[in-house]
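Following: one structure in structure tokens, then a few remarks.
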Amino acid sequence: MKKNDEIILSISGYTAEGSGVGKYEGMAVFVPLTAVGDTVKVKILKVKKTYAYGKVLEIMKSANCRTENDCSAFSRCGGCVFRHISYKAELKAKENRIRETIKRIGGVDLAPQPIMFDSENRYRNKAQYPVNSEGKAGFFATHSHRIIQNSNCLLQPEIFESLVKTVENWIEKYKISIYNEEKHQGLLRHIYIRQGAVTKEIMVTLVINGEALPFSEELISALRETDKDDLKSVQININKDDTNVILGDKCVTLFGTDYITDILCGVKIRLSPLSFYQVNHTMAQKLYKKAAEYGKVEGKTVLDLYCGAGTIGLSLAHKAKRVIGVEIIPEAIEDAKYNAKENDIENAEFFCMDATEFAEKSSKENLKADVIVVDPPRKGLTEELILTIAESFCPERVVYVSCDVGTLARDIKIFEQKGYKLKEYTPADLFPRTAHCECVALLVKE
């Protein structure tokens, strides 16, 4: 096989990125926008030693799970990868991928519990829109910084489109300069919107390459006309660094409060622009409920590592004897402490520290935890942290919330070598129509 070859391919599975995959003369070929059951004519774009990439030229036989595309930006935007198949087929694909990864990398042949899911559209409570040179908002195309214009994303609340259009009109009227990544010039970088799923409170933040926003009063007035009931905060986030990171460290409130609030698992949560908060509120509640079920935290001391704004730990506090949360981001710890005080939770305390460093320091001080909850970033846990958990804390149970099943499976294997066995795990689709899927796993000390 070589570049520009045209082949006939039967699609038999999906990659972790959501592309279809088929075998041709023993070689795996990855093809975006295909579905299991498709027979397609494919043009080969790139050939590696054991696999190749291609694009669809013709769907010769269509899979039964194919469905009508309902988004004009689909296939160009870098968000959704599964809008061409039914949601039922997507859930099955995610469930299968998680089981196969746990078996292949983790070495555990254990079927997952049924995948948890809810609505496939309008589930996000946060959106970050880059702005193109014409002052129009959208999303980055896959593996690029080319902006695909789209203010009406089907994953976002409908009010977000109205707010984005208001900002776009303000940009045009007052000739606001747009940030150019290559030249590191221009002012406006991103439009960032959050909404409380329960409270409906809205925060609009403009990410700027500067210290001040011209015509800010006019923007505030226009936004308040767009949504006079729920708009609670308008802010700027200052990011003058030559970087791909969206948010800078400093926020300035132009209107309203420094934060909005929401309610998660019965706990009132304060959200600033920099706060971590699960984007799918309904599914986050299901995920945390499953974590509490796995932890059996009644009357126990719970150590919550990578605690963010304390959402998991605070949701467990009414059952647990004591909750200790650890997070490296100072603003998140401030939010966690505030949230505990606001909810009259007195058995939770929070520390700003790297999780591995905290665990090593606390183990030397003989801090004991009956249950440890971890919710790490995609890179998973460090091996040092796993060893400290297993050999120094020796908790009865470890509840592992993961946003990357590959690193989860890797860490499960290390835990098993240290005497912790995977008893059960449950996929949770917090990101419908995208390739991402969360998972919560229970590891029990043998």
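Tabulated data
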quantity	calculated
Residue within region 273-280 that is under 16 Å from GLN195 (Cα atoms) and without any contact (Cβ under 8 Å) to a residue 40 or more places away in the chain present	no
Scan of region 204-247 for residues that are assigned to a strand (DSSP E or B), of a type in the set (Ser, Thr, Tyr) and more than 18 Å from VAL131 (Cα to Cα), ordered by number	SER233
Flag if SER75 is surrounded by 16 or more Cβ atoms within 10 Å (Cβ to Cβ) and of a type in the set (Gly, Ala, Ser)	yes
Neighbours by Cβ (under 6 Å, 6+ apart or cross-chain): first from region 298-323, closer than 20 Å to LEU367 by Cβ; second crowded, with 24+ Cβ neighbours inside 10 Å and among the hydroxyl-bearing types (Ser, Thr, Tyr)	ILE312/TYR288
Residues satisfying the stated conditions in region 250-285, i.e. assigned to a loop (DSSP other than H, G, I, E, B), buried (at least 16 other Cβ atoms within 10 Å of the Cβ) and not aromatic (Phe, Trp, Tyr)	CYS265, SER272, PRO273, LEU274, SER275, GLN278, VAL279
Checking GLU161 against (1) without any contact (Cβ under 8 Å) to a residue 24 or more places away in the chain; (2) over 27 Å from ARG270 (Cα atoms); (3) of a type outside the set (S, T, N, Q), the condition it does not meet	(2)
So ASN132, is it over 24 Å from THR257 (Cα atoms) and either in contact (Cβ under 8 Å) with a residue 60 or more places away in the chain or touching a helix residue (DSSP H, G or I) at 6+ places or on another chain (Cβ under 6 Å) (or both)	no
Residue check, GLY325 within 14 Å of VAL302 (Cβ to Cβ), touching a helix residue (DSSP H, G or I) at 6+ places or on another chain (Cβ under 6 Å) and modelled with pLDDT of 95 or more	yes
Residue ID - farthest from ILE105 (Cα to Cα), chosen from residues in region 1-39 that are aromatic (Phe, Trp, Tyr) and out of contact with any Leu (no Cβ under 9 Å at 6 or more places or on another chain)	PHE30
Residue match in region 64-79 (condition: at pLDDT below 95 and in contact with a Pro (Cβ under 9 Å, 6 or more places away or on another chain))	yes
Subset of region 296-306 (residues that are within 16 Å of ARG397 (Cβ to Cβ) and part of a loop (DSSP other than H, G, I, E, B))	LYS296, VAL297, GLU298, GLY299, LYS300
Residue in region 90-102 that is buried (at least 23 other Cβ atoms within 10 Å of the Cβ) and small (Gly, Ala, Ser) present	no
Subset of region 1-56 that is of a type in the set (S, T, N, Q) and not in a strand (DSSP E or B) - its residue that is farthest from ARG378 (Cα to Cα)	ASN4
Whichever residue in region 148-183 is within 16 Å of CYS71 (Cα to Cα) and aliphatic (A, V, I, L, M) and, among such residues, is farthest from the chain's Cα centre (by Cα)	ILE148
Count of region 271-303 residues which are within 13 Å of LEU314 (Cβ to Cβ) and over 19 Å from the mean Cα position of the chain (by Cα)	3
Residues within region 431-446 that are part of a loop (DSSP other than H, G, I, E, B) and either in contact with a His (Cβ under 8 Å, 6 or more places away or on another chain) or modelled with pLDDT of 95 or more (or both), tallied	7
Some residue of region 26-43 being among the charged types (D, E, K, R) and loosely packed, with under 14 Cβ neighbours inside 10 Å	no
Any hit, region 201-208, residues being at pLDDT 95 or above, among the charged types (D, E, K, R) and surrounded by fewer than 20 Cβ atoms within 10 Å (Cβ to Cβ)	no
Inter-residue pairs, beta-carbon under 7 Å, first closer than 21 Å to ALA435 by Cα and in region 18-40, second among the acidic types (Asp, Glu), 6+ apart	GLY20/ASP38
Which listed residue, of ILE238, ILE220, is touching a Lys or Arg at 6+ places or on another chain (Cβ under 7 Å) and surrounded by 16 or more Cβ atoms within 10 Å (Cβ to Cβ)	ILE238
Some residue of region 19-42 being among the charged types (D, E, K, R), at positive phi, out of contact with any helix residue (DSSP H, G or I) (no Cβ under 8 Å at 6 or more places or on another chain) and not assigned by TED's automatic domain parsing to the domain that holds ASN150	yes
Residue check, TYR306 out of contact with any helix residue (DSSP H, G or I) (no Cβ under 7 Å at 6 or more places or on another chain) and among the aromatic types (Phe, Trp, Tyr)	no
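The values are calculated or read from the model by the stated rules, or taken from the named source; none is laboratory data. Note that this is a predicted model, so its numbers are computed, not measured. Because the Cβ atoms are built from the backbone with ideal geometry, glycine has one as well, and the counts that use them run over all protein chains shown.
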